[in-house]
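Engineer: Pasting a structure below so you can have a look.
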Amino acid sequence: MSGSASCSKADCTIAATGKCLEAHPDPQECPFFATTSAEPEPAVALVTPIEPDQPDEPTPSAGRVFHAGMELGFEDAISLSRAKYVHLVPVLGATDAGKTCVLVSLYLLAVNRMLARFRFAGSQTLLGFEHRARGLRKWPSGELPDQFVDHTILGEDRVPSFVHLAFDDLSRKTHRREFLFTDLPGEWTTDLINRLETAKRFSFLARADAVVVAIDGKRLADPETRQQEVMQAEHLIQRLKQTGMPVHCKAILVISKRDESEISLLPYVESIRNLASELGFALNAIETAAISRDPNRIPNGLGIEELLQTIVAAPESVAQQSRGDKSGRAMSRFTKSGRSK
Ligand SMILES: Nc1nc2c(ncn2[C@@H]2O[C@H](COP(=O)(O)OP(=O)(O)OP(=O)(O)O)[C@@H](O)[C@H]2O)c(=O)[nH]1
Ligand SMILES: [Mg+2]
C-alpha cells in the first residue's frame, strides 16, 4: 500500500485531482505538499492539515479537511443540515436530461477556480465527484465522447443520496455556503410523473430550498421531440405541487445542452413558466452547457454559476429575475482563466 498525499494550501485538491495548485509539475517540489507513510488511515481524511489556531472561516493559508465519501446517505444529509444551514437542492429530470453533468460541471468549475463569486471550500463527497468526472478528464479541450458520464444508479434504489459542496461566497465577507444536491436516476422522475405512489420517496422535497428541473435542450431544440419535453416538464411541476413542494421553494428550470442548439431555447419554455406561476411558483429558467461540444461558440459551464446564484438568491430577486430574463440573453460566461467575458 502506498502512502497518502496531503497539502496544507487552502483550496488545493491534489489529494483528489492530482493537480498541484501551485502548478509544480512534481508535487514533491511544492512547499505545501507532504506524503505520509503507508500506515492505514481512516477513510474520511485525505487531507487534514488544519492549523490549531486558525479561525474556522477561510483565510489564504488555512488548510481544511477533505472527505473521501462517494455520497451522503439521507441520514448523513439530515445530520449535516442539523449542524449548519445547508441549501438542499433536489435535481430532477428524465434520463439523459443532463442532471449529473450539471453537477460535475459545477464541481470542475469550482476546483479549477473558474467561478467568479464562489470559491471551492471542500466537499464531503469528493470521490463521488471524481468518479463522475473521470470520463471528462479531457475537458475542456479534446474530442468529447458521445456519453460523458455514466447513467446514474443508486446503491440503495429506494432512498436518495446526496453530493455535497461547500463554497465561500465572495460577495459576502467570509460567508461559507453549503449545498447538498441529489443525483438521482432519471427513472425517479419518470416514476414520479407516472405513478403517484412513488411520491413518498420524495419526502425530502419539503425541506428543499430550490428544486432543479432539468430539461434536455437537445430534445427541446428538435421540433419532433419539443412538445414531449415541454409536457413532461409541465407534468413534473404539477406533480411536485401535489407532492408537497412548498411555494417558497424556488423552481429552477435548467435547459441543458445549449451547445447543441443554434438559438436560445428560452421562448419554448414559456408555457412551463406560466403553469408554474399558476401553481404559485416563481420559475426561473437557465440555459446551461455543462460541457460544451463547441466551446468557441458556447463556453463550457455556461449558466452553471448562474444556477448557484439563483439557488442562493432571495426569493423576491428570483421572481424578478424570472420576469426579466425572457430575452434569451446569454448567461454567465467564463474563460479558462475564470474571468467573466
Ligand atoms: N452537448 C452536450 N451534451 C451533454 C451536456 N450535458 C449532458 N450531455 C449529454 O447527455 C448525456 C447524459 O447526461 P447525464 O448528465 O448523464 O444525464 P442524467 O440526467 O444524469 O441521466 P440519468 O443519470 O440517466 O438520469 C451525457 O452523457 C452527454 O452525452 C452538455 O452540456 N452538452
Ligand atoms: Mg445521472
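The values are calculated or read from the model by the stated rules, or taken from the named source; none is laboratory data. Remember, it's a predicted structure, so these values are computed and weren't measured experimentally. We place every Cβ from the backbone using ideal geometry, glycine too, and count neighbours over all the protein chains shown.
Engineer: Being touching a strand residue (DSSP E or B) at 6+ places or on another chain (Cβ under 6 Å) and closer than 19 Å to L265 by Cα is the requirement here; does E224 meet it?
Structural biologist: Answer is no for this residue.
Engineer: Right, something else. Which residues, taken from segment 80-126, are crowded, with 17+ Cβ neighbours inside 10 Å, of a type in the set (G, A, S), part of a loop (DSSP other than H, G, I, E, B) and at negative phi?
Structural biologist: Listed by number, the residues that qualify are A94, A97, A121, S123.
Engineer: Using beta carbons and a limit of 7 Å, which pairs, at least six apart or on different chains, have the first residue in segment 77-104 and charged (D, E, K, R) and the second one part of a helix (DSSP H, G or I)?
Structural biologist: Hits for this filter: D96/G186.
Engineer: Please enumerate the residues belonging to segment 156-185 that are at pLDDT 95 or above, in contact with a Gly (Cβ under 7 Å, 6 or more places away or on another chain) and either in a helix (DSSP H, G or I) or within 16 Å of ligand 1 (Cβ to nearest atom) (or both).
Structural biologist: Within segment 156-185, V163 is the sole residue that qualifies.
Engineer: Picking from L80, L144, which residue would you name as being more than 16 Å from ligand 1 (Cβ to nearest atom) and either at pLDDT 95 or above or over 14 Å from the mean Cα position of the chain (by Cα) (or both)? Steps first, answer last, please.
Structural biologist: Working: L144 fails: more than 16 Å from ligand 1 (Cβ to nearest atom).
None of the others qualify; the one that does is L80.
Engineer: If I286 meets every condition in (1) touching a helix residue (DSSP H, G or I) at 6+ places or on another chain (Cβ under 8 Å); (2) modelled with pLDDT under 90; (3) within 16 Å of ligand 1 (Cβ to nearest atom) apart from one, which number is that one?
Structural biologist: (2)
Engineer: A follow-up question, please. Out of all the residues in segment 83-124, which are within 16 Å of ligand 1 (Cβ to nearest atom) and among the small types (G, A, S)?
Structural biologist: Step one: list which residues in segment 83-124 are within 16 Å of ligand 1 (Cβ to nearest atom), which gives 89-109, 114.
Answer for segment 83-124, where residues must be within 16 Å of ligand 1 (Cβ to nearest atom) and among the small types (G, A, S): G93, A94, A97, G98, S105.
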